[in-house]
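Colleague: Dropping a structure here in structure tokens format, bear with me for questions.
The values are calculated or read from the model by the stated rules, or taken from the named source; none is laboratory data. For clarity, every value in this text was computed on a predicted model and none was experimentally measured. Cβ sites come from the backbone with ideal geometry, for glycine too, and all protein chains shown count toward neighbours. Surface accessibility is based on the protein's heavy atoms, side chains included, excluding ligands, DNA and RNA. Shrake-Rupley method; radii C 1.70, N 1.55, O 1.52, S 1.80 Å.
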Amino acid sequence: LIIFGLLVNETLAEFLQGYIGSSVSTAIYIVFFEIPPYAVIFCIGYICLRLKRNELVFLGGVSLTCFLILVVYYKYKLGFIPDTQGSKYPPLLYYTSYSIFMLLCCFAIREKLASILSCNKYFETVFSFVANNSLWIYLWHIIFITYFNIAHHEYHFMEKYLCAYLGGVLLTYVQ
């Protein structure tokens, strides 16, 4: 039902995007077509602790199936499999189905990861800092992302990723 709703949302958004011209219609577009996919991901993350294991597996299976169908569709239609980040702004079903599946995978290994991290005090401290300051790290990393979007030099993806992430962490720590 969630996936179907997101598909309808995406189809309507694509149809109506050609009619957007004023700031009021842009605001309406954002409220009704860009926020709901992020809200769905947030709500699933929020209720993960209350869902039963079979419900989590079902939701993960539906998300993975939807994502794989879109992968096959894009491979057939475009001739290649597009990067999920290209469907992030605005969030399309391709990105949303991928992110829901990855969210549930991370949720499934959370206890094992916590036990591994607790073995080393340094890792525990670093991960605790990142977890407690993730919003600030996200906000600070935007400076680096903006620079890379403006710069005309072609940096490797990993250089950009490491610079943006570590720069965000460093600025948050200094803050």
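Colleague: By how many nm would the segment from Val130 to Leu117 lengthen if fully extended, with 0.36 nm per residue of separation less the alpha-carbon distance?
Modeller: Gain on extension, Val130 to Leu117, equals 3.4 nm.
Colleague: Counting heavy atoms of the protein chains only and a 1.4 Å probe, report the per residue accessible area for segment 31-132 as a whole number of Å².
Modeller: It amounts to 69 Å² per residue over segment 31-132.
Colleague: Compute the length gained on full extension between Val174 and Tyr155: take 0.36 nm times their separation in residues and subtract their Cα-Cα distance, giving the result in nm to one decimal.
Modeller: Separation in residues times 0.36 nm, less the Cα-Cα distance, equals 4.3 nm.
Colleague: If you only keep lysine pairs separated by 8 or more in sequence, or across chains, how many in segment 52-175 come under 21 Å at the Cα atoms? List each step's numbers first, then the result.
Modeller: Numbers: Lys52/Lys112; Lys75/Lys88; Lys77/Lys88; Lys88/Lys160; Lys112/Lys121.
Counting lysine pairs in segment 52-175 gives 5.
Colleague: Peptides 99-112, 119-132: what's the order by average Cβ count within 10 Å, highest mean first?
Modeller: 99-112, 119-132
Colleague: Looking at Tyr147, Phe129, Leu170, which one has the Cα that reaches farthest to the positive end of the dipole of segment 84-175 (charges on Cβ: Lys, Arg +1; Asp, Glu -1)?
Modeller: The residue sitting farthest along the positive end of the dipole is Phe129.
Colleague: What nm value, rounded to one decimal, do you get for the distance between Leu166 and Tyr76 when each label is placed 7 Å out toward the C-beta?
Modeller: 4.4 nm
Colleague: Starting from 0.36 nm per residue, how many nanometres of slack lie between Arg110 and Leu56 once their C-alpha separation is accounted for?
Modeller: 18.1 nm
Colleague: Shifting gears a bit: Expressed as a whole percentage, what fraction of the accessible surface of segment 40-149 belongs to carbon and sulfur atoms when a 1.4 Å probe is rolled over the protein heavy atoms?
Modeller: Details: 5410 of 7770 Å².
Accessible surface attributable to carbon and sulfur in segment 40-149 totals 70 percent.
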